[in-house]
Amino acid sequence: RELHKDNHVENVFARIPKLDSITEGFRPGELIVLSGPTGNGKTSLMQSLTHAFSEQLTPCLWFSFEVGPLDFAKKMGETPAEFYIPRKMKESNLLWLKERSLEGMAKFGCRVIFIDHLHYLLDLKQLANTSTSLVIGGLMRELKKFAVATESIIFLSTHLSKTKVENVPEI
């Protein structure tokens, strides 16, 4: 990992050669959205990144709304990785997530945040009365502002609606 002159993390690397070549590492203030159909490896990729960042002594904070903390820890595999996860996922809203993130930063030095997944942060009542696109855009804007303000890196997974993918992008 690279350190800035005042010792905060500049870049953390995926340790996936092609990805690191393209991104030149992930930097504070970034919001990275991983999107794809259910069951196509978004969570697995984020878990692999957690292991890579842990090897670089960069603790991560996880918000996994679909499985409990113990089940999630088991899914991280046999190889130890330094990550933190709230004991209970009491709420699924942005304010609660920001408060827990600030707590993880203060207590454990976490600067990388994984959110699995976007739809757990959406207010379904609000979606009924307005444009889904506007609500998601507002949520993304708030997450990006939070990443910049806290010098954190946020990874957010989101499911695609059912779409037909004819051409797979080349990397």
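What number goes with the only condition from (1) of a type outside the set (A, V, I, L, M); (2) within 23 Å of V148 (Cβ to Cβ); (3) crowded, with 18+ Cβ neighbours inside 10 Å that W96 does not pass?
Every condition holds for W96 apart from (3).
Counting only residues that are assigned to a loop (DSSP other than H, G, I, E, B) and either within 19 Å of F63 (Cα to Cα) or more than 16 Å from the chain's Cα centre (by Cα) (or both), how many does the stretch 15-39 have?
Our first condition is that a residue be assigned to a loop (DSSP other than H, G, I, E, B); within the stretch 15-39, this holds for 15-16, 24-25, 27-30, 37-39.
Now restrict to residues that are either within 19 Å of F63 (Cα to Cα) or more than 16 Å from the chain's Cα centre (by Cα) (or both): 15-16, 24, 28-30, 37-39.
Selection size over the stretch 15-39: 9.
Residue-by-condition table, conditions (1) at pLDDT 80 or above; (2) open to solvent by 40 Å² or more (accessible area, probe 1.4 Å); (3) assigned to a loop (DSSP other than H, G, I, E, B):
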site	(1), (2), (3)
A128	no, yes, no
G137	yes, no, no
T163	no, yes, yes
P169	no, yes, yes
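Please specify each residue of the stretch 104-126 satisfying the condition of being open to solvent by 70 Å² or more (accessible area, probe 1.4 Å), free of Cβ contacts under 8 Å to residues at least 40 places away in the same chain and part of a helix (DSSP H, G or I). So that I can check it myself, show each step before the final result.
So the first thing to find is which residues in the stretch 104-126 are open to solvent by 70 Å² or more (accessible area, probe 1.4 Å), and the list is 106-108, 111, 119-120, 123-126.
Filter again for free of Cβ contacts under 8 Å to residues at least 40 places away in the same chain, leaving 106-107, 123-126.
Within the stretch 104-126, A106, K107, L124, K125, Q126 qualify.
Please verify whether the stretch 42-55 includes one or more residues that are surrounded by fewer than 16 Cβ atoms within 10 Å (Cβ to Cβ) and over 21 Å from F13 (Cβ atoms).
Checked against the condition, which is being surrounded by fewer than 16 Cβ atoms within 10 Å (Cβ to Cβ) and over 21 Å from F13 (Cβ atoms), the stretch 42-55 yields no hits at all.
List pairs: first residue in the stretch 34-47 and in contact (Cβ under 8 Å) with a residue 60 or more places away in the chain and over 20 Å from I85 (Cα atoms), second residue assigned to a helix (DSSP H, G or I) and of a type in the set (A, V, I, L, M, F, W, C) anywhere in the structure, Cβ distance under 9 angstrom, at least six positions apart or on different chains.
Going by the 9 Å Cβ cut-off, the qualifying pairs are S35/L118.
Please verify whether S152 is open to solvent by less than 70 Å² (accessible area, probe 1.4 Å) and not aliphatic (A, V, I, L, M), treating the condition exactly as stated. Working first, answer last.
On the way: open to solvent by less than 70 Å² (accessible area, probe 1.4 Å): yes; not aliphatic (A, V, I, L, M): yes.
Spelling it out, S152 is indeed open to solvent by less than 70 Å² (accessible area, probe 1.4 Å) and not aliphatic (A, V, I, L, M).
If you check A81 against the conditions, is it part of a helix (DSSP H, G or I) and either of a type outside the set (S, T, Y) or within 16 Å of the chain's Cα centre (by Cα) (or both)?
Values: part of a helix (DSSP H, G or I): no; either of a type outside the set (S, T, Y) or within 16 Å of the chain's Cα centre (by Cα) (or both): yes.
So A81 does not fit the description; no.
The values are calculated or read from the model by the stated rules, or taken from the named source; none is laboratory data. Keep in mind it's a predicted model, so treat the numbers as computed, not measured. Methodologically, a virtual Cβ is constructed for each residue, glycine included, from the backbone with ideal geometry; neighbour enumeration extends over all protein chains shown. Heavy atoms of the whole protein, side chains included, go into the accessibility calculation; ligands, DNA and RNA do not. Shrake-Rupley method; radii C 1.70, N 1.55, O 1.52, S 1.80 Å.
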